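These notes concern the structure reproduced below.
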Amino acid sequence: MTAVTTNQSTTLFHQVLVRVRDAGLLLKKPSFYITRLAIISVLAVGLWVLTGLSASAYNDSRLWILAGFALAGGLGILSAQYGFIAHEAAHRQIFHNNKANDWLGLILANLFAGLSYGFWLRKHNKHHQRPNQIGEDPDIAIRVLSFTTESKEAKRGIERWFSDRQGYLFPFLLLFTGFDLLLDSFAGLARKDRKLSVRVLEFSLMMIRQNAPLVILSLMFGWLWGIALWFFMMMTFGFFMGAAFAPNHKGMPLVAKDSKLDFFSRQVLTSRNIRGSWLKDNLMGGLNYQVEHHLFPSMARPYLNKAHAIVSEFCRENDITMVEMGLAKSYVVIMKHLNKVGLSNNSDPFVCPMVAELRPRN
């Protein structure tokens with residue numbers, strides 16, 4: 001992968017920034033998000049209504065339970081969609097007013113996705129400042145995954161067992177992403193670096209979000225099935241969130257803790273794009289344009305595709321490697337990289353896996 005000097009990078013970033021700004025891609029587009037929130041909410045209400053209407057026809061039958069799992073799975077996917085928009089609000093992508101963005105993000109994250117907005121904001125800001133930097137990026141400090149052999153060797157017990165087999169177990173581990181984020185949310189709410197009133201509000205909204213579906217599902221299906229369906233909802237939510245975020249940086253080069261990388265190189269060389277389509281653009285919340293998102297984090301989702309065309313052309317002009325691949329291929333790369341760390345003591349985390357395959361050929 002081609003890196004550039006600090007002065008050159010500053011000039012390069014300014015050049016691409018001018019192109020993007022001149023194309024009008026840094027404007028806000030709240031109508032997109034309002035429309036999307038309306039669609040997601042209608043779908044969520046529709047799921048509850050359809051499941052309720054099916055009670056008279058399928059009550060006490062296997063089809064009734066299947067309807068419950070369809071409801072829980074659908075709610076998990078829609079919760080992730082609310083979470084994506086909360087993520088965009090945190091990046092100031094929706095409104096010009098920062099307070100409006102934060103209030104929308106807080107409500108969507110806590111009341112509709114069931115996670116602490118404050119925890120997410122703090123964690124995600126640190127990630128954007130130093131993506132894939134050892135000791136700095138919280139997204140590579142995961143309990144059961146190891147991204148360096150040093151991290152693997154430091155683990156003990158069940159965490160070490162998972163780390164040794166992490167590549168093979170990666171799809172299975174994604175199912176528990178929601179529970180991991182929920183635990184981290186509670187831990188984040190215990191921190192005293194934020195106002196108590198805000199933390200109490202977040203906790204209250206989270207409790208409503210987590211308990212209301214459990215209570216309603218228990219009333220509809222009985223408490224045993226209600227608990228099972230709540231767990232299925234959380235697993236679907238976690239898998240969907242994890243599967244959308246995982247391709248962005250995992251398996252890409254890591255940055256040494258004491259490295260001083262310039263902004264342009266840091267964001268482009270540690271991020272991976274997923275080839276877009278209408279379906280992926282919508283289901284992944286725009287995260288498939290990860291390079292553009294990291295270069296312009298406040299850019300509204302509808303403009304990422306157009307920015308991608310500009311950034312791709314710019315990188316070709318300046319002989320800068322920008323990694324882009326299909327979604328399925330990205331998971332193969334991630335699993336191979338995780339296995340290399342888990343099964344070998346000789347993994348070099350600072351080299352992009354399969355880099356030779358990813359370099360554009362003349």
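Just order 232-245, 319-332 by mean Cβ neighbour count inside 10 Å, highest at the front, would you? Could the numbers behind the result be given before it?
Numbers: 232-245: 22.5, 319-332: 16.9.
Result, highest mean first: 232-245, 319-332.
Could you state the principal axis extents of the C-alpha atoms in the chain, from the largest down, to the nearest angstrom?
66, 50, 45
What dipole magnitude, in Debye to the nearest 20, does segment 280-336 give about its Cα centre under +1 on Lys/Arg Cβ and -1 on Asp/Glu Cβ?
The calculated dipole for segment 280-336 is roughly 260 debye.
Treating only the Cβ of Lys, Arg, Asp and Glu as charged (+1, +1, -1, -1), what charge dipole size does the chain show about its Cα centre? Round to the nearest 20 debye. Before the final figure, lay out each step's value.
On the way: 39 positive and 25 negative charges, 63 e Å.
That gives a dipole near 300 debye.
Under 25 Å between alpha carbons, and skipping anything fewer than 8 positions from residue 29 in its own chain: which lysines qualify?
99, 280, 306
Output the Cα-based Rg and Dmax of segment 181-331 in Å, rounding Rg to one decimal and Dmax to a whole number.
Every Cα atom of segment 181-331 included, Rg and Dmax give 20.0, 62 Å.
So if we plug the beta-carbon distance of residue 195 and residue 49 into 1/(1 + (r/R0)^6) with R0 = 45 Å, what FRET efficiency do we get, rounded to 0.05?
With R0 = 45 Å, the Cβ-Cβ based efficiency is 0.75.
For a quick protection proxy, order the peptides 65-76, 96-107 by their average other-Cβ count within 10 Å, most packed first.
Going from most to least packed, we get 65-76, 96-107.
Collect residues whose amide H, placed 1.01 Å from N in the peptide plane, falls under 5 Å from the amide H of residue 323; neighbours closer than 5 in sequence don't count.
273
Which Cα, out of 291, 189, 172, lies furthest along the positive dipole direction of the chain (beta carbon charges, K/R +1, D/E -1)?
Farthest along the dipole direction, towards plus: 189.
Just to confirm, what accessible area per residue do you get for segment 57-183 at 1.4 Å probe, in whole Å²?
44
Rank-order 32-38, 290-296 by packing density, defined as the average count of other C-beta atoms within 10 Å over each peptide's residues, highest first.
Descending packing order for the listed peptides: 290-296, 32-38.
So if I place +1 on the C-beta of Lys and Arg and -1 on the C-beta of Asp and Glu, and nothing else carries charge, what would the dipole magnitude of segment 67-206 be about its Cα centre? I want it in debye, nearest 20. Please report the intermediate quantities before stating the final value.
Numbers: 17 positive and 13 negative charges, 75 e Å.
Dipole of segment 67-206, to the nearest 20 debye: 360 debye.
Over the chain, with every protein chain in place, what whole percent of the accessible area is carbon and sulfur at 1.4 Å, could you tell me?
Reported share for carbon and sulfur atoms: 64 percent.
The values are calculated or read from the model by the stated rules, or taken from the named source; none is laboratory data. All values reported here derive from a predicted model rather than from experimental measurement. With ideal geometry, Cβ positions are generated from the backbone for all residues, glycine too; neighbour counts draw on all protein chains shown. Surface areas here come from the heavy atoms of the whole protein model, side chains and all, with no ligands, DNA or RNA. Shrake-Rupley method; radii C 1.70, N 1.55, O 1.52, S 1.80 Å.
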